[in-house]
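Below: the structure, in structure tokens.
Only the coordinates and a few stated rules stand behind these numbers; no lab work does. Because the structure is a prediction, the values reported are computed rather than measured. All Cβ positions, glycine included, derive from the backbone under ideal geometry; neighbour counts span all protein chains shown.
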Amino acid sequence: MVNATRGLLISCDIPMAQFIISMNNSKPSNQKFIIHVLDDTHLFVQPHATEMIRIAIAEFREANTYEKPA
């Protein structure tokens, strides 16, 4: 018997994948969104988590962006 699961494939670099995995690990077990870690750069996640992941990545990038002093 085949079981199919709807999800979203995320392809990213290793540090960003680790960031998403740590986000998932910080959630309670009933709110975890990663269905399967395929390899170091590919994650299969639940589709409802898309916007939450995008917002968290945008905030992470904003907090870690270097701006040259004036």
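What FRET efficiency comes out for the pair Tyr66/Asp40, r = Cβ-Cβ distance, R0 = 25 Å, nearest 0.05?
Here the calculated transfer efficiency is 0.45.
Tell me what the chain gives for mean residue ellipticity at 222 nm when only DSSP H runs of n ≥ 4 count, each as -39,500 (n - 2.57), the sum divided by the residue total, rounded to 500 deg cm²/dmol. Write down the numbers at each step before the final one.
Numbers: 2 runs with 26 residues, N = 70.
Helix-only estimate at 222 nm: -12000 deg cm²/dmol.
Calculate the spin-label point distance for Arg54 paired with Leu8, positioning each point 7 Å from the Cα along the beta-carbon direction, and give it in nanometres.
With each label point 7 Å from Cα toward Cβ, the separation is 0.7 nm.
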